[in-house]
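Colleague: Below is the structure I would like to discuss, written out as structure tokens.
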Amino acid sequence: KTVGARGGGGPENTLAGARLQKAKKEQSREEVSVMGCEGITIGQLTREARKTQERNVFEWRGRRFRLEYNGRVRSRVVEEDSGQLVYKYNEALELAKLQEKMG
């Protein structure tokens, strides 16, 4: 069982409780790399995106992006037309978020 940030019992680098919430907040502020757009964060991109009929594909400001997975964990966001890497997710953080969801 993973214990909160101050509880001890787990490895120092284990993300849980308050540390996980802080890491999620920091992640949402990370900038993405979209041609012609400056200062766009991953949080803003995902909030403003619209779903499409295609699985793991979303639209934002007239552009299409694909969310790619490594197994069950989000891996990266790629622009559909150009194949440009827009954002790479932190694997350790995504694993911690998945563990939190699974209980």
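The values are calculated or read from the model by the stated rules, or taken from the named source; none is laboratory data. Just so it is clear, the model here is predicted, and its values are computed rather than measured. Glycine also receives a Cβ, built like all others from the backbone with ideal geometry; neighbour counts cover every protein chain displayed. Ligands, DNA and RNA are stripped out before the accessible areas are found, and what is left, the full protein with its side chains, is counted by its heavy atoms. Shrake-Rupley method; radii C 1.70, N 1.55, O 1.52, S 1.80 Å.
Colleague: Taking 7 Å along the Cα-to-C-beta vector as the label spot, tell me the Gln53-Ser75 distance in nanometres, rounded to one decimal.
Modeller: Placing both labels 7 Å beyond Cα along the Cβ direction yields 2.7 nm.
Colleague: Further, regarding this structure: Based on the Cβ-Cβ distance from Ala23 to Leu85, what FRET efficiency comes out when R0 is 25 Å, to the nearest 0.05? Provide the component values of the computation, followed by the final result.
Modeller: On the way: r = 21 Å, r/R0 = 0.85.
E between Ala23 and Leu85, to the nearest 0.05, is 0.75.
Colleague: Just to confirm the number: angle between the C-alpha axis of helix 17-28 and the first principal axis of the chain, 0 to 90 degrees, nearest 10?
Modeller: 20
Colleague: Taking the square root of 5 times each eigenvalue of the Cα gyration tensor, what semi-axes in Å does the equivalent ellipsoid of the chain have, largest first? If you can, show how the numbers build up before the last one.
Modeller: On the way: eigenvalues 175, 42, 24 Å².
After diagonalising the Cα gyration tensor, the semi-axes are 30, 14, 11 Å.
Colleague: With a 1.4 Å probe and all protein chains kept in place, how do Thr41, Thr46 rank by accessible area, largest first? Mind showing how you got there, number by number?
Modeller: On the way: Thr41 30, Thr46 70 Å².
Reading off the accessible areas and sorting them downward yields Thr46, Thr41.
Colleague: Considering only C-alpha atoms, what is the centroid distance from segment 36-103 to segment 16-31, in Å?
Modeller: For segment 36-103 versus segment 16-31, the Cα centre distance is 16 Å.
Colleague: While we're here: Okay, helix-only estimate at 222 nm for the chain: each DSSP H run of n ≥ 4 adds -39500 (n - 2.57), divide by all residues, round to 500 deg cm²/dmol; what do you get? Walk me through the numbers on the way to the answer.
Modeller: Numbers: 3 runs with 31 residues, N = 103.
Result for the chain, helices only: -9000 deg cm²/dmol.
Colleague: While we're on this one: Roughly what angle does helix 91-102 make with the longest principal axis of the chain, taking Cα atoms, 0 to 90 degrees, to the nearest 10?
Modeller: Its long axis makes an angle of about 70 degrees.
Colleague: Accessible area of the chain with a 1.4 Å probe: how many percent of it is carbon plus sulfur? All intermediate terms of the calculation are to be shown ahead of the outcome.
Modeller: Values: 3300 of 7350 Å².
Heavy-atom surface of the chain belonging to carbon and sulfur, 1.4 Å probe: 45 percent.
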